[in-house]
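Colleague: Starting off with a structure, shown below.
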Amino acid sequence: MRMVDIIQNKRDGKVLSKAETTWMIDNYAKGEIPDYQMAAWAMAVYFQGMAMTEIADLTMAMVETGHQIDLSTIPGIKVDKHSTGGVGDKVTLILAPLVASFGVPVAKMSGRGLGHTGGTIDKLESIHGYQVERTQEAFVQQVKDIGISVIGQSDDLVKADKLLYALRDVTATVDIIPLIASSIMSKKIAAGSGAILLDVTVGSGAFMKNLDDARILAKTMVDLGNAVGRKTVAVVTDMRQPLGTTIGNRLEIAESMAVLQGGGRSDLRHFIAELAQIMLSLGGVTKSIDEILSHLSNGAALDKFKQMIEAQNGDFDDLLNTPTHETAFSKVVLSPKSGYITDFDALVAGHLAMKSGAGRAVKSDQLDMDAGLRIFKKIGDQVVTGDPLFEIVYNKTDFDAELESQVMLDAIVIADEKIEIKEIVEIIK
Ligand code: URA
(Lines give C-alpha, C1' and ligand atoms only; values in the text may rest on other atoms or scores of the structure.)
Protein backbone atom coordinates (compact mmCIF):
# COMPACT_ATOMS: atom_id res chain seq x y z
CA MET A 1 0.00 0.00 0.00
CA ARG A 2 1.06 3.58 -0.57
CA MET A 3 0.02 6.56 1.53
CA VAL A 4 -0.28 8.74 -1.56
CA ASP A 5 -3.07 6.48 -2.89
CA ILE A 6 -4.92 6.63 0.43
CA ILE A 7 -4.73 10.42 0.44
CA GLN A 8 -5.97 10.50 -3.15
CA ASN A 9 -8.89 8.17 -2.35
CA LYS A 10 -9.92 10.37 0.54
CA ARG A 11 -9.46 13.55 -1.46
CA ASP A 12 -11.77 12.11 -4.12
CA GLY A 13 -14.46 11.27 -1.58
CA LYS A 14 -14.02 7.50 -1.49
CA VAL A 15 -14.66 5.42 1.63
CA LEU A 16 -11.37 3.92 2.80
CA SER A 17 -11.29 0.19 3.47
CA LYS A 18 -10.49 -1.20 6.90
CA ALA A 19 -7.18 -2.48 5.50
CA GLU A 20 -6.23 0.99 4.26
CA THR A 21 -7.14 2.72 7.54
CA THR A 22 -5.40 0.14 9.71
CA TRP A 23 -2.27 0.18 7.56
CA MET A 24 -2.14 3.99 7.64
CA ILE A 25 -2.53 4.31 11.42
CA ASP A 26 -0.20 1.44 12.22
CA ASN A 27 2.55 2.85 10.02
CA TYR A 28 2.03 6.39 11.23
CA ALA A 29 2.43 5.22 14.83
CA LYS A 30 5.63 3.39 13.83
CA GLY A 31 7.02 6.59 12.29
CA GLU A 32 6.93 5.18 8.78
CA ILE A 33 4.44 7.67 7.39
CA PRO A 34 5.64 11.28 7.57
CA ASP A 35 3.60 14.04 9.19
CA TYR A 36 3.08 15.87 5.88
CA GLN A 37 1.22 12.91 4.39
CA MET A 38 -0.86 12.42 7.52
CA ALA A 39 -1.70 16.13 7.50
CA ALA A 40 -2.83 15.89 3.87
CA TRP A 41 -5.14 12.99 4.79
CA ALA A 42 -6.57 14.93 7.78
CA MET A 43 -7.28 17.95 5.57
CA ALA A 44 -8.95 15.68 3.00
CA VAL A 45 -11.16 14.37 5.84
CA TYR A 46 -12.09 17.97 6.65
CA PHE A 47 -13.50 18.41 3.16
CA GLN A 48 -14.83 14.91 2.45
CA GLY A 49 -15.89 13.63 5.89
CA MET A 50 -15.79 9.96 6.87
CA ALA A 51 -18.31 7.11 6.72
CA MET A 52 -19.24 5.52 10.05
CA THR A 53 -17.35 2.35 9.09
CA GLU A 54 -14.20 4.41 8.50
CA ILE A 55 -14.57 6.20 11.85
CA ALA A 56 -14.95 2.85 13.61
CA ASP A 57 -11.94 1.38 11.76
CA LEU A 58 -9.87 4.47 12.59
CA THR A 59 -10.84 4.31 16.26
CA MET A 60 -9.97 0.65 16.68
CA ALA A 61 -6.75 1.03 14.67
CA MET A 62 -5.73 3.83 17.04
CA VAL A 63 -6.58 1.74 20.12
CA GLU A 64 -4.24 -0.98 18.82
CA THR A 65 -1.27 1.42 18.72
CA GLY A 66 -0.97 1.62 22.49
CA HIS A 67 -1.35 -0.16 25.77
CA GLN A 68 -4.90 -1.12 26.81
CA ILE A 69 -5.80 -1.02 30.48
CA ASP A 70 -7.16 -4.27 31.88
CA LEU A 71 -9.77 -3.54 34.55
CA SER A 72 -11.27 -7.04 34.42
CA THR A 73 -10.05 -8.00 37.89
CA ILE A 74 -12.18 -5.24 39.45
CA PRO A 75 -15.64 -6.67 40.17
CA GLY A 76 -18.71 -4.88 38.75
CA ILE A 77 -19.35 -2.66 35.75
CA LYS A 78 -16.69 0.03 35.69
CA VAL A 79 -18.08 3.34 34.46
CA ASP A 80 -15.94 6.05 32.88
CA LYS A 81 -16.87 9.64 32.13
CA HIS A 82 -15.48 12.13 29.66
CA SER A 83 -16.14 15.77 28.94
CA THR A 84 -15.30 17.32 25.58
CA GLY A 85 -14.03 20.33 27.50
CA GLY A 86 -15.40 23.24 29.37
CA VAL A 87 -14.67 26.27 31.49
CA GLY A 88 -14.87 25.82 35.25
CA ASP A 89 -15.67 22.18 34.56
CA LYS A 90 -15.21 20.47 37.92
CA VAL A 91 -17.78 17.74 37.21
CA THR A 92 -15.41 14.79 37.56
CA LEU A 93 -14.20 15.97 40.97
CA ILE A 94 -17.73 15.71 42.37
CA LEU A 95 -19.32 13.09 40.14
CA ALA A 96 -16.64 10.41 40.48
CA PRO A 97 -16.78 10.17 44.32
CA LEU A 98 -20.57 10.57 44.26
CA VAL A 99 -20.98 7.60 41.91
CA ALA A 100 -18.37 5.56 43.79
CA SER A 101 -20.22 6.23 47.05
CA PHE A 102 -23.05 4.02 45.68
CA GLY A 103 -20.62 1.15 45.07
CA VAL A 104 -20.15 1.61 41.30
CA PRO A 105 -16.39 1.51 40.68
CA VAL A 106 -14.81 4.51 38.96
CA ALA A 107 -11.36 3.98 37.42
CA LYS A 108 -10.69 7.20 35.58
CA MET A 109 -7.85 8.74 33.66
CA SER A 110 -8.04 12.47 33.15
CA GLY A 111 -6.08 15.09 31.25
CA ARG A 112 -4.43 18.45 31.74
CA GLY A 113 -5.77 21.80 30.65
CA LEU A 114 -4.69 23.85 27.67
CA GLY A 115 -5.91 27.23 26.47
CA HIS A 116 -9.25 28.31 27.92
CA THR A 117 -10.16 24.84 29.21
CA GLY A 118 -8.93 23.44 32.50
CA GLY A 119 -7.87 19.89 33.26
CA THR A 120 -8.98 17.69 36.14
CA ILE A 121 -5.44 16.48 36.74
CA ASP A 122 -4.11 20.02 37.21
CA LYS A 123 -6.93 20.70 39.67
CA LEU A 124 -6.16 17.55 41.66
CA GLU A 125 -2.50 18.55 41.76
CA SER A 126 -3.49 21.68 43.66
CA ILE A 127 -4.16 19.33 46.60
CA HIS A 128 -0.95 19.12 48.58
CA GLY A 129 0.76 15.75 48.02
CA TYR A 130 -1.84 14.27 45.61
CA GLN A 131 -0.15 11.90 43.17
CA VAL A 132 -1.60 11.71 39.68
CA GLU A 133 0.89 9.16 38.42
CA ARG A 134 0.30 5.54 39.44
CA THR A 135 1.39 2.23 38.03
CA GLN A 136 -1.41 0.26 36.44
CA GLU A 137 -1.22 -2.26 39.30
CA ALA A 138 -1.57 0.45 41.96
CA PHE A 139 -4.44 2.07 40.03
CA VAL A 140 -6.36 -1.20 39.75
CA GLN A 141 -5.63 -2.17 43.35
CA GLN A 142 -6.92 1.18 44.63
CA VAL A 143 -10.19 0.77 42.74
CA LYS A 144 -10.51 -2.75 44.18
CA ASP A 145 -9.83 -1.42 47.69
CA ILE A 146 -11.91 1.79 47.80
CA GLY A 147 -13.86 1.86 44.52
CA ILE A 148 -12.26 4.96 43.03
CA SER A 149 -9.11 6.38 41.50
CA VAL A 150 -8.53 9.39 39.26
CA ILE A 151 -5.07 9.51 37.70
CA GLY A 152 -3.29 11.17 34.77
CA GLN A 153 -3.55 9.53 31.40
CA SER A 154 -0.71 7.07 30.95
CA ASP A 155 1.80 7.96 28.24
CA ASP A 156 1.55 4.67 26.41
CA LEU A 157 -2.20 4.87 25.82
CA VAL A 158 -3.15 5.30 22.12
CA LYS A 159 0.19 6.37 20.68
CA ALA A 160 -1.33 7.27 17.28
CA ASP A 161 -3.70 9.77 18.90
CA LYS A 162 -0.88 11.55 20.65
CA LEU A 163 0.96 12.01 17.35
CA LEU A 164 -2.12 12.81 15.33
CA TYR A 165 -3.54 15.28 17.84
CA ALA A 166 -0.27 17.23 17.95
CA LEU A 167 -0.26 17.29 14.15
CA ARG A 168 -3.91 18.36 13.92
CA ASP A 169 -3.22 21.14 16.38
CA VAL A 170 -0.79 22.83 13.98
CA THR A 171 -2.54 22.03 10.69
CA ALA A 172 -6.03 23.46 11.35
CA THR A 173 -7.56 19.99 11.51
CA VAL A 174 -8.69 19.76 15.15
CA ASP A 175 -12.31 20.79 14.60
CA ILE A 176 -13.35 17.80 12.50
CA ILE A 177 -16.10 15.75 14.11
CA PRO A 178 -15.01 12.25 12.93
CA LEU A 179 -11.45 12.94 14.10
CA ILE A 180 -12.59 14.31 17.47
CA ALA A 181 -14.91 11.31 17.96
CA SER A 182 -12.23 8.74 17.13
CA SER A 183 -9.61 10.56 19.21
CA ILE A 184 -11.81 10.64 22.32
CA MET A 185 -13.31 7.18 21.93
CA SER A 186 -9.97 5.48 21.20
CA LYS A 187 -8.73 6.72 24.59
CA LYS A 188 -11.94 5.76 26.39
CA ILE A 189 -11.92 2.27 24.86
CA ALA A 190 -8.24 1.76 25.69
CA ALA A 191 -8.90 2.93 29.26
CA GLY A 192 -10.87 -0.25 29.84
CA SER A 193 -14.22 0.66 31.45
CA GLY A 194 -17.31 -1.28 30.40
CA ALA A 195 -19.58 1.77 30.27
CA ILE A 196 -18.98 5.40 29.35
CA LEU A 197 -20.84 8.64 30.03
CA LEU A 198 -19.90 11.38 27.57
CA ASP A 199 -20.49 15.02 28.38
CA VAL A 200 -20.56 16.81 25.04
CA THR A 201 -20.43 20.51 25.78
CA VAL A 202 -21.94 23.10 23.45
CA GLY A 203 -21.57 26.87 23.48
CA SER A 204 -18.90 29.55 23.45
CA GLY A 205 -16.64 27.73 25.92
CA ALA A 206 -16.84 24.39 24.10
CA PHE A 207 -15.37 22.76 20.99
CA MET A 208 -18.86 22.49 19.53
CA LYS A 209 -20.30 25.95 19.08
CA ASN A 210 -23.75 24.87 17.90
CA LEU A 211 -26.26 22.23 18.91
CA ASP A 212 -26.37 20.42 15.55
CA ASP A 213 -22.62 19.75 15.64
CA ALA A 214 -22.78 18.71 19.29
CA ARG A 215 -25.55 16.23 18.47
CA ILE A 216 -23.58 14.73 15.58
CA LEU A 217 -20.44 14.38 17.72
CA ALA A 218 -22.44 12.85 20.57
CA LYS A 219 -24.24 10.36 18.34
CA THR A 220 -21.02 9.38 16.56
CA MET A 221 -19.28 8.63 19.86
CA VAL A 222 -22.29 6.78 21.29
CA ASP A 223 -22.44 4.58 18.19
CA LEU A 224 -18.68 3.96 18.33
CA GLY A 225 -18.80 2.92 21.99
CA ASN A 226 -21.85 0.68 21.62
CA ALA A 227 -20.40 -0.94 18.49
CA VAL A 228 -17.45 -2.24 20.51
CA GLY A 229 -19.52 -3.42 23.46
CA ARG A 230 -19.13 -0.40 25.75
CA LYS A 231 -22.50 0.85 26.95
CA THR A 232 -22.28 4.52 26.02
CA VAL A 233 -24.61 7.44 26.73
CA ALA A 234 -23.96 11.09 25.87
CA VAL A 235 -25.41 14.20 27.43
CA VAL A 236 -25.22 17.44 25.49
CA THR A 237 -24.62 20.18 28.04
CA ASP A 238 -24.76 23.95 27.86
CA MET A 239 -21.34 25.61 28.05
CA ARG A 240 -22.24 29.14 27.04
CA GLN A 241 -21.32 30.20 30.57
CA PRO A 242 -18.74 28.72 32.97
CA LEU A 243 -19.85 25.78 35.08
CA GLY A 244 -20.48 26.60 38.73
CA THR A 245 -19.01 29.70 40.32
CA THR A 246 -15.25 29.31 40.04
CA ILE A 247 -12.54 28.94 37.39
CA GLY A 248 -9.04 28.03 38.55
CA ASN A 249 -7.42 24.99 40.05
CA ARG A 250 -7.64 25.40 43.82
CA LEU A 251 -10.78 27.52 43.53
CA GLU A 252 -12.51 24.68 41.71
CA ILE A 253 -11.32 22.10 44.22
CA ALA A 254 -12.74 24.31 46.99
CA GLU A 255 -16.07 24.64 45.14
CA SER A 256 -16.15 20.86 44.65
CA MET A 257 -15.54 20.36 48.36
CA ALA A 258 -18.48 22.66 49.09
CA VAL A 259 -20.76 20.66 46.77
CA LEU A 260 -19.51 17.40 48.28
CA GLN A 261 -20.64 18.81 51.63
CA GLY A 262 -24.14 19.57 50.30
CA GLY A 263 -23.34 23.25 49.55
CA GLY A 264 -22.54 25.19 46.38
CA ARG A 265 -25.19 26.37 43.94
CA SER A 266 -28.26 24.18 43.79
CA ASP A 267 -28.25 24.16 39.95
CA LEU A 268 -24.74 22.63 40.03
CA ARG A 269 -25.77 20.05 42.64
CA HIS A 270 -28.79 19.04 40.57
CA PHE A 271 -26.83 18.90 37.32
CA ILE A 272 -24.29 16.58 38.87
CA ALA A 273 -27.02 14.46 40.46
CA GLU A 274 -28.60 14.00 37.02
CA LEU A 275 -25.26 12.93 35.54
CA ALA A 276 -24.74 10.58 38.49
CA GLN A 277 -28.14 9.00 37.89
CA ILE A 278 -27.13 8.16 34.30
CA MET A 279 -23.69 6.89 35.35
CA LEU A 280 -25.19 4.75 38.09
CA SER A 281 -27.73 3.25 35.72
CA LEU A 282 -24.88 2.44 33.30
CA GLY A 283 -23.31 0.66 36.27
CA GLY A 284 -26.54 -1.26 36.92
CA VAL A 285 -27.73 0.78 39.92
CA THR A 286 -31.06 2.65 39.96
CA LYS A 287 -31.32 5.65 42.29
CA SER A 288 -33.66 8.63 42.52
CA ILE A 289 -32.31 12.18 42.33
CA ASP A 290 -33.21 12.65 46.01
CA GLU A 291 -31.27 9.53 47.00
CA ILE A 292 -28.29 10.81 45.02
CA LEU A 293 -28.48 14.30 46.53
CA SER A 294 -28.57 12.70 49.98
CA HIS A 295 -25.02 11.41 49.40
CA LEU A 296 -23.92 15.04 49.01
CA SER A 297 -25.68 16.18 52.18
CA ASN A 298 -24.85 13.20 54.41
CA GLY A 299 -21.10 13.14 53.75
CA ALA A 300 -21.00 9.82 51.85
CA ALA A 301 -19.58 11.35 48.65
CA LEU A 302 -17.17 13.55 50.62
CA ASP A 303 -15.91 10.49 52.45
CA LYS A 304 -15.20 8.77 49.10
CA PHE A 305 -13.30 11.85 47.95
CA LYS A 306 -11.30 11.79 51.18
CA GLN A 307 -10.49 8.11 50.74
CA MET A 308 -9.28 8.75 47.19
CA ILE A 309 -7.15 11.76 48.13
CA GLU A 310 -5.53 9.92 51.02
CA ALA A 311 -4.94 6.77 48.94
CA GLN A 312 -3.05 8.97 46.47
CA ASN A 313 -1.01 10.66 49.23
CA GLY A 314 -2.96 13.93 49.25
CA ASP A 315 -3.46 15.98 52.42
CA PHE A 316 -7.24 15.98 52.92
CA ASP A 317 -7.17 17.72 56.31
CA ASP A 318 -5.21 20.62 54.84
CA LEU A 319 -7.84 20.92 52.10
CA LEU A 320 -10.67 20.82 54.61
CA ASN A 321 -9.07 23.43 56.87
CA THR A 322 -7.74 25.71 54.12
CA PRO A 323 -9.85 25.21 50.99
CA THR A 324 -8.35 28.26 49.24
CA HIS A 325 -5.15 30.27 49.61
CA GLU A 326 -5.12 34.03 49.50
CA THR A 327 -3.46 35.60 46.47
CA ALA A 328 -1.36 38.76 46.39
CA PHE A 329 -3.97 40.68 44.39
CA SER A 330 -7.67 40.63 43.74
CA LYS A 331 -10.17 42.75 41.89
CA VAL A 332 -13.94 42.71 42.40
CA VAL A 333 -15.98 43.97 39.46
CA LEU A 334 -19.42 45.49 40.06
CA SER A 335 -22.49 45.49 37.87
CA PRO A 336 -22.82 48.70 35.84
CA LYS A 337 -26.61 48.28 35.59
CA SER A 338 -29.66 46.48 36.91
CA GLY A 339 -31.48 43.63 35.18
CA TYR A 340 -30.98 39.92 34.54
CA ILE A 341 -27.80 38.23 33.35
CA THR A 342 -28.48 36.73 29.91
CA ASP A 343 -24.90 35.90 28.89
CA PHE A 344 -21.59 35.34 30.69
CA ASP A 345 -19.30 34.29 27.88
CA ALA A 346 -17.46 31.12 28.91
CA LEU A 347 -14.70 31.53 26.34
CA VAL A 348 -13.84 35.03 27.53
CA ALA A 349 -13.99 33.88 31.16
CA GLY A 350 -11.72 30.92 30.36
CA HIS A 351 -9.18 33.18 28.68
CA LEU A 352 -9.29 35.59 31.59
CA ALA A 353 -8.63 32.79 34.08
CA MET A 354 -5.79 31.50 31.91
CA LYS A 355 -4.17 34.94 31.72
CA SER A 356 -4.49 35.38 35.49
CA GLY A 357 -2.17 32.35 35.82
CA ALA A 358 -4.74 29.55 36.27
CA GLY A 359 -4.19 28.01 32.83
CA ARG A 360 -1.64 27.39 30.12
CA ALA A 361 -1.39 29.24 26.83
CA VAL A 362 1.26 26.69 25.75
CA LYS A 363 1.97 23.27 27.19
CA SER A 364 5.15 24.34 28.99
CA ASP A 365 3.50 27.18 30.98
CA GLN A 366 3.63 26.89 34.79
CA LEU A 367 0.30 27.10 36.60
CA ASP A 368 -0.57 29.34 39.51
CA MET A 369 -2.80 26.99 41.50
CA ASP A 370 -4.48 29.78 43.44
CA ALA A 371 -5.29 32.20 40.62
CA GLY A 372 -8.58 32.45 38.77
CA LEU A 373 -12.08 33.81 38.81
CA ARG A 374 -14.96 33.79 41.29
CA ILE A 375 -18.35 34.34 39.72
CA PHE A 376 -21.13 35.86 41.81
CA LYS A 377 -23.92 36.15 39.22
CA LYS A 378 -24.87 33.73 36.47
CA ILE A 379 -27.32 33.54 33.59
CA GLY A 380 -30.85 33.90 34.95
CA ASP A 381 -29.76 35.77 38.11
CA GLN A 382 -31.07 39.23 38.89
CA VAL A 383 -28.55 42.03 39.49
CA VAL A 384 -28.78 45.54 40.81
CA THR A 385 -26.30 48.30 39.87
CA GLY A 386 -23.26 47.94 42.13
CA ASP A 387 -23.72 44.21 42.87
CA PRO A 388 -20.44 42.26 42.65
CA LEU A 389 -20.40 40.30 39.36
CA PHE A 390 -17.05 38.56 39.59
CA GLU A 391 -13.66 38.68 41.31
CA ILE A 392 -10.27 38.01 39.78
CA VAL A 393 -7.65 36.62 42.19
CA TYR A 394 -4.04 36.52 41.05
CA ASN A 395 -0.36 36.77 41.94
CA LYS A 396 1.18 37.83 38.62
CA THR A 397 2.53 41.36 38.61
CA ASP A 398 2.26 41.65 34.82
CA PHE A 399 -1.45 40.77 34.71
CA ASP A 400 -3.50 43.76 33.54
CA ALA A 401 -6.58 43.36 35.75
CA GLU A 402 -8.14 46.66 34.58
CA LEU A 403 -8.02 45.71 30.92
CA GLU A 404 -9.04 42.08 31.43
CA SER A 405 -11.94 42.88 33.70
CA GLN A 406 -13.27 45.32 31.10
CA VAL A 407 -13.04 42.59 28.43
CA MET A 408 -15.00 40.26 30.75
CA LEU A 409 -17.54 42.94 31.56
CA ASP A 410 -18.12 43.50 27.84
CA ALA A 411 -18.89 39.79 27.50
CA ILE A 412 -21.57 39.81 30.21
CA VAL A 413 -25.01 40.76 28.94
CA ILE A 414 -27.54 42.28 31.33
CA ALA A 415 -31.06 42.65 29.94
CA ASP A 416 -34.56 43.41 31.18
CA GLU A 417 -35.99 39.94 30.53
CA LYS A 418 -34.97 36.92 32.60
CA ILE A 419 -33.89 33.84 30.65
CA GLU A 420 -33.63 30.30 32.01
CA ILE A 421 -31.07 27.77 30.85
CA LYS A 422 -30.81 24.07 31.56
CA GLU A 423 -27.41 22.48 31.92
CA ILE A 424 -28.50 19.23 30.24
CA VAL A 425 -29.81 20.07 26.80
CA GLU A 426 -30.30 16.54 25.52
CA ILE A 427 -29.51 12.91 26.32
CA ILE A 428 -28.33 10.75 23.42
CA LYS A 429 -28.33 6.95 23.74
N1 URA B 1 -10.27 16.01 22.77
C2 URA B 1 -9.61 14.94 22.34
O3 URA B 1 -9.19 14.09 23.11
N4 URA B 1 -9.42 14.81 21.02
C5 URA B 1 -9.88 15.69 20.11
O6 URA B 1 -9.69 15.51 18.93
C7 URA B 1 -10.57 16.82 20.60
C8 URA B 1 -10.75 16.95 21.94
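Colleague: Answer yes or no: is there a residue in region 166-174 that is among the basic types (Lys, Arg) and over 17 Å from the mean Cα position of the chain (by Cα).
Modeller: Yes, the conditions are met somewhere in region 166-174.
Colleague: Across region 175-211, what is the total count of residues that are more than 21 Å from Ala56 (Cα to Cα) and among the acidic types (Asp, Glu)?
Modeller: The total comes to 0.
Colleague: Right, here's the next one. With Thr65, Thr84 as the choices, which residue is touching a residue at least 24 places away in the same chain (Cβ under 8 Å), within 14 Å of the ligand (Cβ to nearest atom) and open to solvent by less than 40 Å² (accessible area, probe 1.4 Å)?
Modeller: Details: Thr65 fails: within 14 Å of the ligand (Cβ to nearest atom).
One residue alone meets the criteria, Thr84.
Colleague: Here's a check for you: in region 148-157, which residue that is open to solvent by less than 10 Å² (accessible area, probe 1.4 Å) and more than 17 Å from the chain's Cα centre (by Cα) is farthest from the ligand (Cβ to nearest atom)? Steps first, please.
Modeller: Kept after step one, since they are open to solvent by less than 10 Å² (accessible area, probe 1.4 Å), are these residues of region 148-157: 148-151, 157.
Filter once more, so that each one left must be more than 17 Å from the chain's Cα centre (by Cα): 148, 157.
Working: Ile148: 22, Leu157: 11 Å.
My answer is Ile148.
Colleague: Now, a different point. Assigned by TED's automatic domain parsing to the domain that holds Ala206 and in contact with a Phe, Trp or Tyr (Cβ under 8 Å, 6 or more places away or on another chain) - does that describe any residue in region 115-124?
Modeller: Going residue by residue through region 115-124, those that are assigned by TED's automatic domain parsing to the domain that holds Ala206 are 115-124.
Going one step further and asking which of them are in contact with a Phe, Trp or Tyr (Cβ under 8 Å, 6 or more places away or on another chain), we end up with 124.
Looking for residues that are assigned by TED's automatic domain parsing to the domain that holds Ala206 and in contact with a Phe, Trp or Tyr (Cβ under 8 Å, 6 or more places away or on another chain), one finds at least one in region 115-124, hence yes.
Colleague: Pairs only if they're at least six apart or on different chains, beta carbon under 9 angstrom, first in region 11-34 and closer than 21 Å to Asp155 by Cα and modelled with pLDDT under 95, second among the charged types (D, E, K, R) and surrounded by 11 or more Cβ atoms within 10 Å (Cβ to Cβ); list them, first residue then second.
Modeller: Hits for this filter: zero, empty list.
Colleague: Further question on the same structure: Is it true that Ala39 is assigned to a helix (DSSP H, G or I) and within 17 Å of the chain's Cα centre (by Cα)?
Modeller: Numbers: assigned to a helix (DSSP H, G or I): yes; within 17 Å of the chain's Cα centre (by Cα): no.
No, not satisfied.
Colleague: For region 321-380, name all the residues that are hydroxyl-bearing (Ser, Thr, Tyr) and either in contact with a Pro (Cβ under 7 Å, 6 or more places away or on another chain) or modelled with pLDDT of 95 or more (or both). So that I can check it myself, show each step before the final result.
Modeller: Taking region 321-380 first, the residues hydroxyl-bearing (Ser, Thr, Tyr) are 322, 324, 327, 330, 335, 338, 340, 342, 356, 364.
Thr322, Thr324, Thr327, Ser330, Ser335, Ser338, Tyr340, Thr342, Ser356, listed by residue number.
Colleague: Scanning region 158-175 for residues that are more than 8 Å from the ligand (Cβ to nearest atom) and open to solvent by less than 10 Å² (accessible area, probe 1.4 Å), which turns out nearest to Lys231 (Cα to Cα)? Full working, then the answer.
Modeller: Taking region 158-175 first, the residues more than 8 Å from the ligand (Cβ to nearest atom) are 158-160, 162-164, 166-167, 169-173, 175.
Filter again for open to solvent by less than 10 Å² (accessible area, probe 1.4 Å), leaving 158, 160, 164, 173.
On the way: Val158: 20, Ala160: 24, Leu164: 26, Thr173: 29 Å.
Only one residue fits best here, namely Val158.
Colleague: Do we have any residue at all in region 114-128 that's in a loop (DSSP other than H, G, I, E, B), more than 30 Å from Met369 (Cα to Cα), open to solvent by 10 Å² or more (accessible area, probe 1.4 Å) and modelled with pLDDT of 95 or more? Even if it seems obvious, please write down each step before you answer.
Modeller: In the first step, residues of region 114-128 are kept if they are in a loop (DSSP other than H, G, I, E, B); the result is 115-116, 118-119, 126-128.
From what is left, the residues that are more than 30 Å from Met369 (Cα to Cα) are none.
No, every residue in region 114-128 fails to be in a loop (DSSP other than H, G, I, E, B), more than 30 Å from Met369 (Cα to Cα), open to solvent by 10 Å² or more (accessible area, probe 1.4 Å) and modelled with pLDDT of 95 or more.
Colleague: Could you figure out which of (1) touching a Lys or Arg at 6+ places or on another chain (Cβ under 8 Å); (2) over 26 Å from Asp290 (Cβ atoms) isn't true of Asp223?
Modeller: Just one mismatch for Asp223, condition (1).
Colleague: Something else now. Tell me whether region 243-258 contains one or more residues that are surrounded by fewer than 16 Cβ atoms within 10 Å (Cβ to Cβ) and not charged (D, E, K, R).
Modeller: Filtering region 243-258 for residues surrounded by fewer than 16 Cβ atoms within 10 Å (Cβ to Cβ) gives none.
Checking region 243-258: not a single residue is surrounded by fewer than 16 Cβ atoms within 10 Å (Cβ to Cβ) and not charged (D, E, K, R).
Colleague: Also, I was wondering about something else. Every residue in region 42-55 that is within 16 Å of the ligand (Cβ to nearest atom), open to solvent by 20 Å² or more (accessible area, probe 1.4 Å) and of a type in the set (A, V, I, L, M, F, W, C), please.
Modeller: Met43, Met50
Colleague: So which residues in region 156-166 are in a helix (DSSP H, G or I) and more than 15 Å from Gly85 (Cβ to Cβ)? It would help to see each step written out before you state the result.
Modeller: Initial filter on region 156-166 (in a helix (DSSP H, G or I)): 159-166.
Within region 156-166, Lys159, Ala160, Asp161, Lys162, Leu163, Leu164, Ala166 qualify.
Colleague: Going by the structure shown, is Asp223 open to solvent by 10 Å² or more (accessible area, probe 1.4 Å), away from the ligand (no atom under 16 Å from the Cβ), touching a residue at least 40 places away in the same chain (Cβ under 8 Å) and touching a helix residue (DSSP H, G or I) at 6+ places or on another chain (Cβ under 7 Å)?
Modeller: On the way: open to solvent by 10 Å² or more (accessible area, probe 1.4 Å): yes; away from the ligand (no atom under 16 Å from the Cβ): yes; touching a residue at least 40 places away in the same chain (Cβ under 8 Å): yes; touching a helix residue (DSSP H, G or I) at 6+ places or on another chain (Cβ under 7 Å): yes.
It is true that Asp223 is open to solvent by 10 Å² or more (accessible area, probe 1.4 Å), away from the ligand (no atom under 16 Å from the Cβ), touching a residue at least 40 places away in the same chain (Cβ under 8 Å) and touching a helix residue (DSSP H, G or I) at 6+ places or on another chain (Cβ under 7 Å).
Colleague: Can you find a residue that is within 9 Å of the ligand (Cβ to nearest atom), closer than 20 Å to Ile55 by Cβ and part of a helix (DSSP H, G or I) anywhere in region 187-203? Show your work before the answer.
Modeller: At the first step, the residues of region 187-203 found to be within 9 Å of the ligand (Cβ to nearest atom) are 187.
From what's left, closer than 20 Å to Ile55 by Cβ: 187.
Filter again for part of a helix (DSSP H, G or I), leaving 187.
Within region 187-203 (the criterion being within 9 Å of the ligand (Cβ to nearest atom), closer than 20 Å to Ile55 by Cβ and part of a helix (DSSP H, G or I)), the answer is yes, since at least one residue qualifies.
Colleague: Follow-up question, since we're still on this one. Anything in region 167-186 that is in a helix (DSSP H, G or I) and either touching a helix residue (DSSP H, G or I) at 6+ places or on another chain (Cβ under 9 Å) or at pLDDT 95 or above (or both)? List them, or say none.
Modeller: Quick first cut of region 167-186, residues in a helix (DSSP H, G or I) only: 167-169, 177-186.
Selection gives Leu167, Arg168, Ile177, Pro178, Leu179, Ile180, Ala181, Ser182, Ser183, Ile184, Met185, Ser186.
Colleague: Which condition number does Leu58 fail, the rest of (1) in the same structural domain as Ala206 (by TED's automatic domain parsing); (2) within 16 Å of the ligand (Cβ to nearest atom); (3) assigned to a helix (DSSP H, G or I) being met?
Modeller: Only one criterion is unmet by Leu58, namely (1).
Colleague: With the checklist (1) in contact (Cβ under 8 Å) with a residue 60 or more places away in the chain; (2) open to solvent by 10 Å² or more (accessible area, probe 1.4 Å); (3) more than 27 Å from Leu293 (Cα to Cα); (4) in a loop (DSSP other than H, G, I, E, B) in hand, flag the one item Arg240 doesn't pass.
Modeller: (3)
Colleague: Only one of these is more than 16 Å from the ligand (Cβ to nearest atom), open to solvent by 20 Å² or more (accessible area, probe 1.4 Å) and not assigned by TED's automatic domain parsing to the domain that holds Lys231: Ser101, Ser72. Name it.
Modeller: Numbers: Ser101 fails: not assigned by TED's automatic domain parsing to the domain that holds Lys231.
Step by step, each of Ser101, Ser72 is checked, and only Ser72 is more than 16 Å from the ligand (Cβ to nearest atom), open to solvent by 20 Å² or more (accessible area, probe 1.4 Å) and not assigned by TED's automatic domain parsing to the domain that holds Lys231.
Colleague: Another question, if that's okay. Please tell me if Ala96 is at pLDDT 95 or above, surrounded by 19 or more Cβ atoms within 10 Å (Cβ to Cβ), farther than 26 Å from Asp175 by Cβ and among the small types (Gly, Ala, Ser). Working first, answer last.
Modeller: Working: at pLDDT 95 or above: yes; surrounded by 19 or more Cβ atoms within 10 Å (Cβ to Cβ): yes; farther than 26 Å from Asp175 by Cβ: yes; among the small types (Gly, Ala, Ser): yes.
For Ala96, the condition - at pLDDT 95 or above, surrounded by 19 or more Cβ atoms within 10 Å (Cβ to Cβ), farther than 26 Å from Asp175 by Cβ and among the small types (Gly, Ala, Ser) - is met.
The values are calculated or read from the model by the stated rules, or taken from the named source; none is laboratory data. A quick note: this is a predicted structure, and the numbers were derived from the prediction, not measured. So basically every Cβ, Gly included, is an ideal-geometry build from the backbone, and we count neighbours across all protein chains shown. In case anyone asks, the SASA skips ligands and DNA or RNA and just uses the protein heavy atoms, side chains included. Shrake-Rupley method; radii C 1.70, N 1.55, O 1.52, S 1.80 Å.
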